[in-house]
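The numbers here are math on the coordinates, done by the rules we state, and not lab data. What you see is a predicted model; the values in this text were computed from it and never measured. No Cβ is skipped: glycine too gets one built from the backbone with ideal geometry, and neighbour counts run over all protein chains shown.
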Amino acid sequence: MLSSLFAPDAAPDAGVGAALELAAAVDDGLVHGFARVDEHRAEALAALAGAFAGSPLREAVAEAVDKIAAGSIADDHLFALAAARIALFGAVHDALLAGADAALGRRRAAWSGGAEPGTAAPHLLAGARSWLRELAITGWRGVDNDLVSASSQAIEAAFGEPELRRLAVLLDGLAAELRAGSPIATLEHLPVRRWADLWSRALLLARDGGSRAGEIEPVTGRLYVLGTDVHEHPTAVQAQVHGVLEAGGEHRLVRVSVSAAKVDTIVGPAIWRLLGGHQWLLAALAERRVLEVTDMPLTAGGDLIWHDERARLGDEADPFTTARVHLGAALAPATPPLERHPVRIAEPVLIEDLSGVALDTRRLPACGPLTPELVAGATACIGLLRWDDGAWTVQPLGVRTTAKKKQASVHTGDWALGPDDAKLAKSAGEAVEVLRERAGRLLRK
């Protein structure tokens, strides 16, 4: 039962804390720089190497720890530390997800995808590794504007290579965060784990351009929407739709992610206008309809690669009915190797008894009608089960609640075709149209 995860005496596997403590050896080294490894940090790195004594990474990690402690730092040594750190967080992810699956009674597919190395130009990858190596040697506390700016050439080159777009976005995001935090030496608190996550993942992607893991199969069937998670940043927005795909006589949990670039002045309901190229998907969210999909690519990790022209609107389908009928029996996807991290856990759940459940409203998007006040009065919830700071929480995507003195269901994607309020809808549209007009004027010049 889901309630067991929120019981007062519920505790994660004892190995979770131990694994995170070992990973902290890499995190601490990145804070102070691997060029300055004192006795305490050398002992922490030695403990990390000891934990991998029985694994395929044994020799690589042991050599990396010895060389770094001796002051000799090469790309392969840093790569071994990054791989060890990612493996530890992957183990934590697997343990947590296994516990959640057991509590939910959820079936999960086994990972069957291989890993095919990328074929991008080696010199572009070398440029990215060079900057990441300088970050590791210097440490976050020593990063200055010159070191952040040194990333520009590598990032620009990576953006020019389609196979390296994923790496380019990651490097660009890390550089932007470091630039925003400068001068880092004076910051009281550092996002240590987050920056170490970004660095580790970027270094693995810069090893050989990343990998195209898993097979892609075309699927034809019916997509029932459960809810929408909106990720918004000053320069980008992504709507990630969680749903149940009925295809080939089987029900599977899937995700659909659509994104767009933006400027920081476009906020609130206006962001849906940026995703206007996906009209069938937006209509299904706003009107709570089924989507009939034909030959839509589906990855081994459960992501539908969305092509709006391959979808059509079907019948009305209440998300709460969908969750009640299909969610319990749906097969959950396997997690691709590089995606195995506790922060990635986002399991769709239906909760009809909210007592004792920790509902986290901090992620509610401003582009939809769902508010903390509506969540507070909810009698049922569709949400994403997440692991946050040592405890399970549920991020609401939709609730049954009282709105305007009436029982109603409210979802984050209800305004996908525009808000119900005419004045709000007009202002949302004007913001995007003004910027498009200005951009067109500049291009004409």
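In percent, how large is the relative contact order of the chain, given Cα pairs closer than 8 Å and 6 or more residues apart?
Result for the chain is 15 percent.
Taking the Cβ of each residue in SER409, SER72 as the centre, tally the other Cβ atoms inside 10 Å and list the residues starting with the fewest.
So the ranking, lowest neighbour count to highest, is SER72, SER409.
What do you get for Rg/Rh over the range 301-353 if you use C-alpha atoms and the Kirkwood form of Rh?
1.03
Report the gain in length on full extension from THR361 to ALA35: 0.36 nm times residue separation, minus Cα-Cα distance, nm rounded to one decimal.
113.2 nm is the gain from fully extending THR361 to ALA35.
How big is D, in µm² s⁻¹, for the range 234-282 by Stokes-Einstein at 10 °C and 1.306 mPa s if Rh is the Kirkwood radius over C-alpha pairs?
After rounding, the answer is 129 µm²/s.
Mean shadow of the range 2-208, computed from the convex hull of its alpha carbons, in nm²?
13.7 nm²
Can you list the equivalent-ellipsoid semi-axes of the range 147-292, largest first and in whole Å, using the square root of 5 times each Cα gyration tensor eigenvalue?
Semi-axis lengths for the range 147-292 are 34, 20, 15 Å.
Quickly work out the ASN145-to-GLU21 label distance, labels modelled 7 Å from Cα along the C-beta direction, and quote it in nm with one decimal.
4.3 nm
Would you calculate a helix-derived [θ] at 222 nm for the chain, using -39,500 (n - 2.57) for each DSSP H run of n ≥ 4 and dividing by the full residue count, to the nearest 500?
Rounded to the nearest 500, it is -13500 deg cm²/dmol.
Which listed residue (TRP387, GLY328, LEU274) has the Cα farthest towards the positive end of the charge dipole for the chain, taking +1 on Lys and Arg C-beta and -1 on Asp and Glu C-beta about the Cα centre?
Going by the Cα projections, it comes out as LEU274.
How far, in nm, would the chain grow between ASP66 and GLU188 when pulled straight, counting 0.36 nm per residue and subtracting the alpha carbon separation?
Between ASP66 and GLU188, full extension yields an extra 40.8 nm.
In nm, to one decimal, how far is the SER259 label point from the ILE216 one, both placed 7 Å along Cα→Cβ?
My value for the distance between the label points is 1.5 nm.
From zero outward in steps of 5 Å, how is the percent of C-alpha pairs of the range 300-413 spread across the bins?
Taking all Cα pairs of the range 300-413, the binned fractions are 2, 10, 18, 19, 22, 16, 9, 4, 1, 0 percent.
If the convex hull of the alpha-carbon atoms of the range 1-114 is projected onto planes in all directions, what is the mean projected area in square nanometres?
Its Cα hull, projected and averaged over all orientations, spans 9.1 nm².
Using the 10 angstrom Cβ neighbour count as an exposure proxy, how do ILE184, ILE305 rank, fewest first?
The fewest-first ordering by Cβ neighbours comes to ILE305, ILE184.
Report the Stokes-Einstein translational diffusion coefficient (µm² s⁻¹, integer) for the chain, Rh taken as the Kirkwood radius over Cα pairs, at 25 °C with viscosity 0.890 mPa s.
Here the translational diffusion coefficient equals 103 µm²/s.
How far apart, in nm, are two points set 7 Å out from the Cα along the Cα-to-Cβ line at ILE137 and at ALA346?
For the pair ILE137/ALA346, the computed spacing is 3.7 nm.
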